[in-house]
Amino acid sequence: MKQHIRETEGKRGHGQFYCDKCDEVFLNPARRQWHDMVSDCVGQLLLQKDGRDKLTKKQKETFKLLLDEAHTEILYGGAKGSGKSYLGCVWVLYMCITYPGIRALIGRTVLTQLKLTTIKTLLDLFKECNISPEHYTYNQQSNEIKLYNGSEIVFKDLAFNPSDPDYHSL
């Protein structure tokens, strides 16, 4: 058990778990497991096992901008393989595990390209963070991932198609 999590006796004599860091009480052991995993995951997203930064200098600078409240729009570009999708996946996963119940959108002009690249990167990040399939569902029909904490990641085709009845639904 993590040092900041301790087991206590609940109101009705049932065991419960308490987190000293965030002041949260867990009655459900699976919820406590999710909490431990999330705490570990945030570190694993940003740091390698030897403690070095996982993100490049540019990615770190951009990640900080993504998290501050001063910037509302950020443009981040680069050649193929420069880490654009990776940074986007790190940011979306970080936000989803940090803020339970949010809904995130990842889009690309062609959905099949998104499935071949970005979704694969995101699922690889899940593995890195020890987020197992029991903690999320990936519905390939609706193109959504639902996390145990209620957060959702939606994948959308963003091609210009005004004849589509759902085109203006974003």
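Read-outs: derived from the displayed coordinates by stated rules, not from any lab. Values in this document were obtained by computation on a predicted structure and should not be read as measured data.
For the pair residue 134 and residue 69, the difference between a 0.36 nm per residue extended length and the Cα-Cα distance amounts to 20.1 nm. Spread over its residues, the convex hull of the C-alpha atoms of region 110-170 is 90 Å³ per residue.
Considering amide H positions built from the backbone, and no H for Pro or chain starts, which residues 5 or more places from residue 151, or on another chain, come under 5 Å of its amide H? Amide H to amide H, under 5 Å and 5 or more residues apart or across chains, residue 151 pairs with 101, 102.
Taking 18 Å as the limit for the C-alpha separation, the pairs 120/156; 120/146; 54/84 never exceed it; all remain within the limit.
Each listed q (0.21, 0.27, 0.29 Å⁻¹) maps to a log10 I(q)/I(0) for region 56-120 from the Debye sum over equal C-alpha point scatterers, namely -1.02, -1.40, -1.43. Spread over its residues, the convex hull of the C-alpha atoms of region 49-167 is 139 Å³ per residue.
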